[in-house]
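One structure is given here, and the rest of the page talks about it.
The values are calculated or read from the model by the stated rules, or taken from the named source; none is laboratory data. What you are looking at is a predicted structure, and each value in this text was computed from that prediction instead of being measured. We place every Cβ from the backbone using ideal geometry, glycine too, and count neighbours over all the protein chains shown.
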Amino acid sequence: MMPNDQRGLRVPGPTPVPDEVARAGAAPMVNHRGPEFAASMTEVARLIAPFFGSGSDVLLLTGSGTAGLEAAIVNAFSPGDKVLSVTCGVFGNRFAAIAEAFGASVSSLQTEWGRAVSPAALEEAVLAMTGLKGVLLTHNETSTGVTNDIEALAGAVRRLAPDALILVDGVSSIGAIPFRMDEWDVDVAITGSQKAWMCPPGLTMIAVSERGWRAQRHATMPRYYWDLGKARKNAAKRTTPFTPAVGVIHALEAALRLMSEEGRENVYARHRRIGSQVREGVLGLGLDLFADPAAASNTVTAVRIPSALEVTLVRRLREEQGVVVGGGQDWLKGRIFRIGHMGWVDDDAVDGVLMALRAVLQDTRLDEAV
Ligand SMILES: *Cc1c(COP(=O)(O)O)cnc(C)c1O
């Protein structure tokens with residue numbers, strides 16, 4: 001049995017936290033209006049920007065990834081605005097539900113789960129709309145293990161609707177999969193500390209383009225805590241409008257140092273390598289992948305559950321092997337499980353999950369033979 005430490009934690013967030021990062025997160029508190037905190041804010045801003053591929057400030061808000069999605073919506077739009085939701089899974093649907101909750105008029109382009117959104121289909125959907133104010137995209141759909149081609153999708157929107165805002169949920173991609181906000185002309189990009197950033201949950205990080213800021217000034221959806229104008233003003237003074245998750249910001253500073261030491265391209269390459277190792281390993285055990293191989297994510301892998309194991313696989317991995325994977329969400333519950341491999345992940349972690357899976361599968365096959 002594998003030791004039940006956090007290296008067995010293989011859900012797609014929260015992800016394991018290296019000791020150095022955990023220690024930084026447990027450091028003594030400081031005044032969030034004081035010089036020590038300002039120094040951390042400066043360091044985080046400097047080190048995180050390249051991972052967004054943006055010259056825009058990356059704002060730190062205290063909340064989970066969903067809070068970042070909500071902040072993006074309420075700062076971009078007014079009630080009644082026509083918004084196109086482009087979804088291929090649970091998180092795309094959530095982004096749309098938030099826009100609806102705040103009164104946007106949402107149209108939806110649905111893609112079969114397990115497949116990436118086709119730029120041609122998006123073009124058609126954009127052409128069919130008049131007065132389009134914004135488009136909601138998901139970079140990495142964590143519920144199905146699919147990565148969308150944001151460059152192609154954003155390009156399609158920009159050609160046909162030059163003024164539309166492009167909002168991208170990058171919660172489980174930014175920091176692990178290349179993201180080039182400025183080059184792709186994305187207006188709002190959102191991520192979360194507990195995904196690729198090797199940190200505990202508690203922060204959402206969000207960047208806004210100049211086009212986005214112009215829209216922000218006139219957007220009238222209700223906002224107070226998530227008012228990005230306040231966050232921006234305070235970020236210029238290297239603080240936050242309200243008391244932030246100081247410990248998580250300290251952790252993030254340490255994590256970003258580790259990521260910068262490794263080198264951004266090396267971080268991306270490690271995720272590509274690990275992603276393909278996981279997929280090959282899973283196929284080698286005779287299991288089927290859920291996602292279209294052409295769009296397979298390098299941060300999370302969705303695996304079809306053999307029918308004999310439907311109910312027990314995830315539980316047995318945890319109880320017998322000390323490996324914690326994610327279950328399926330929505331209608332995929334009981335049909336797939338998901339292996340998270342973002343952030344602090346290396347070859348040993350992959351071996352650990354595959355060994356655990358092999359053991360549970362072998363056992364079941366023996367049971368069946370009895
Ligand atoms: C995890 C995740 C979210 C939600 O983040 P929370 O921190 O759980 O609120 C949103 N979108 C994607 C793609 C995610 O992976």
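What the table below lists for this structure:
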item: Set 11, 21, 74: member being more than 28 Å from residue 223 (Cβ to Cβ), within 16 Å of the ligand (Cβ to nearest atom) and of a type outside the set (D, E, K, R); result: 11
item: Filter result (assigned to a helix (DSSP H, G or I) and either over 23 Å from residue 25 (Cβ atoms) or of a type in the set (Ser, Thr, Tyr) (or both)) within the stretch 44-70; result: 66, 69, 70
item: Residue check for residue 268: surrounded by fewer than 17 Cβ atoms within 10 Å (Cβ to Cβ) and hydroxyl-bearing (Ser, Thr, Tyr); result: no
item: Residue in the stretch 223-246 that is part of a helix (DSSP H, G or I), under 23 Å from residue 26 (Cβ atoms), of a type in the set (A, V, I, L, M, F, W, C) and modelled with pLDDT of 95 or more present; result: yes
item: Filter result for residue 28 (within 16 Å of the ligand (Cβ to nearest atom) and either touching a strand residue (DSSP E or B) at 6+ places or on another chain (Cβ under 6 Å) or farther than 30 Å from residue 164 by Cβ (or both)); result: no
item: Filtered residues of the stretch 214-255 (kept if without any contact (Cβ under 8 Å) to a residue 12 or more places away in the chain and crowded, with 16+ Cβ neighbours inside 10 Å); result: 230, 234
item: Every pair of residues 6+ apart whose Cβ atoms lie under 6 Å, when the first sits in the stretch 91-120 and is farther than 23 Å from residue 131 by Cβ while the second is among the aliphatic types (A, V, I, L, M) and within 16 Å of the ligand (Cβ to nearest atom); result: 111/117; 114/291; 116/146; 116/295
item: Inter-residue pairs, beta-carbon under 7 Å, first under 12 Å from residue 169 (Cβ atoms) and touching a residue at least 24 places away in the same chain (Cβ under 8 Å) and in the stretch 140-154, second among the aromatic types (Phe, Trp, Tyr) and within 11 Å of the ligand (Cβ to nearest atom), 6+ apart; result: 141/91; 142/91; 143/91
item: Check on residue 37, closer than 17 Å to residue 244 by Cβ and of a type outside the set (Val, Ile, Thr); result: yes
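Every residue, every condition in (1) under 23 Å from residue 180 (Cβ atoms); (2) more than 20 Å from the chain's Cα centre (by Cα); (3) hydroxyl-bearing (Ser, Thr, Tyr), yes or no:
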| position | (1), (2), (3) |
| --- | --- |
| 34 | no, yes, no |
| 63 | no, no, no |
| 88 | yes, no, no |
| 119 | yes, yes, no |
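Every residue, every condition in (1) over 28 Å from residue 274 (Cβ atoms); (2) at pLDDT below 95; (3) of a type in the set (Asp, Glu), yes or no:
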{"site": "14", "(1), (2), (3)": "no, no, no"}
{"site": "25", "(1), (2), (3)": "no, no, no"}
{"site": "32", "(1), (2), (3)": "yes, no, no"}
{"site": "36", "(1), (2), (3)": "yes, no, yes"}
{"site": "42", "(1), (2), (3)": "yes, no, no"}
{"site": "53", "(1), (2), (3)": "no, no, no"}
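The rows are residues; the columns are (1) surrounded by 16 or more Cβ atoms within 10 Å (Cβ to Cβ); (2) more than 30 Å from residue 10 (Cβ to Cβ); (3) not basic (Lys, Arg).
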residue: 79; (1), (2), (3): no, yes, yes
residue: 92; (1), (2), (3): yes, no, yes
residue: 109; (1), (2), (3): yes, yes, yes
residue: 135; (1), (2), (3): yes, yes, yes
residue: 154; (1), (2), (3): yes, yes, yes
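Residue-wise test of (1) within 16 Å of the ligand (Cβ to nearest atom); (2) of a type outside the set (Ser, Thr, Tyr); (3) in contact with a Cys (Cβ under 7 Å, 6 or more places away or on another chain); (4) not in a loop (DSSP other than H, G, I, E, B).
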position: 153; (1), (2), (3), (4): yes, yes, no, yes
position: 157; (1), (2), (3), (4): no, yes, no, yes
position: 162; (1), (2), (3), (4): no, yes, no, no
position: 174; (1), (2), (3), (4): yes, yes, no, no
position: 179; (1), (2), (3), (4): yes, yes, no, no
position: 182; (1), (2), (3), (4): no, yes, no, no
position: 186; (1), (2), (3), (4): yes, yes, no, no
position: 191; (1), (2), (3), (4): yes, no, no, yes
position: 194; (1), (2), (3), (4): yes, yes, no, no
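Table: residues versus (1) within 22 Å of residue 350 (Cα to Cα); (2) out of contact with any Phe, Trp or Tyr (no Cβ under 7 Å at 6 or more places or on another chain).
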{"site": "14", "(1), (2)": "yes, yes"}
{"site": "30", "(1), (2)": "no, no"}
{"site": "40", "(1), (2)": "no, yes"}
{"site": "43", "(1), (2)": "no, yes"}
{"site": "47", "(1), (2)": "no, yes"}
